[in-house]
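The values are calculated or read from the model by the stated rules, or taken from the named source; none is laboratory data. Note that the structure is a prediction, hence the values are computed from the model and not measured. Positions of Cβ are backbone-derived with ideal geometry, glycine not excepted, and every protein chain shown enters the neighbour counts.
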Amino acid sequence: MSSSGQIVNCNDLGAGSLHSNNAAKTIKSLAKHSAKPTKYARLLFRLVNHFQPDHVIELGTSLGISSAYMASARSQTDVITIEGCPEIAAIAMKNNKELELKNIDQLVGNFDEVLPAILNKLEKVDFVFFDGNHRKKPTLRYFQWCTQKAHENSVFIMDDIYWSEEMKEAWEEIKNDNRVTVTIDLFFMGIVFFRKEQVKQHFMIKF
């Protein structure tokens, strides 16, 4: 893994950080404030392992920890992950190489430009992990784009649903979307299902 003292210049295209909006950050700082707690990373692993998606789309790579967990869950799953900051993406790619994970496709750029190109190439969207931007309008925009190719067994994971008032509002709108049938609120992230045979229900679980 990359040196914890290494400094990278973060070109944040979203809402920034709750802890620091300095462009220059150390790897240690990024890992502390951006990386998922281990239990959530393990949950992502279990979800991919259980639902066996052909493709995973991750919006917000950061250091690549969550994408590594998801890629490790099923070698046949193609994990397509997007990071807006080139320097951070380079570290994630280095980490993936060291872990010998060959089913991760690392892309760099603005979600607004990169995500439509990905969706145009896919017939369906199986599994999406929304972990970037953290503003209401962009989050809902990316959600709407992805739902256009969602199917009965698609699973969407919304991260940081209580990160800000905007994210709380976005989560409420997603829950009320007519295409969404079941949601699970884990107080840190939310899980979204589109199973038409199920009655619309919202669950809250202390995880």
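Residues that are surrounded by 17 or more Cβ atoms within 10 Å (Cβ to Cβ) and charged (D, E, K, R) were ranked within segment 119-133; the one that is farthest from residue 89 (Cα to Cα) is 126. The residues of segment 64-92 that are under 11 Å from residue 44 (Cα atoms) and either in contact (Cβ under 8 Å) with a residue 40 or more places away in the chain or among the acidic types (Asp, Glu) (or both), listed by number, are 66, 70. Of everything in segment 156-207, what is outside any loop (DSSP other than H, G, I, E, B) and among the polar types (S, T, N, Q)? Give them in sequence order. Residues satisfying the conditions are 176, 183, 201.
Give segment 143-154 a look and list any residue that's under 25 Å from residue 73 (Cα atoms) and surrounded by 15 or more Cβ atoms within 10 Å (Cβ to Cβ), or say none. Those that are under 25 Å from residue 73 (Cα atoms) and surrounded by 15 or more Cβ atoms within 10 Å (Cβ to Cβ): 143, 146, 147, 149, 150, 154.
In the condition set (1) touching a strand residue (DSSP E or B) at 6+ places or on another chain (Cβ under 8 Å); (2) at pLDDT below 95, residue 33 is compliant with all but (1). Just one of the numbered conditions (1) crowded, with 20+ Cβ neighbours inside 10 Å; (2) more than 28 Å from residue 74 (Cα to Cα) is not true of residue 140: (1). Residues that are farther than 16 Å from residue 44 by Cβ and modelled with pLDDT under 95 do not occur anywhere in segment 165-177. Residue 116 meets all of the listed conditions (1) buried (at least 16 other Cβ atoms within 10 Å of the Cβ); (2) under 16 Å from the mean Cα position of the chain (by Cα) but one, namely (1).
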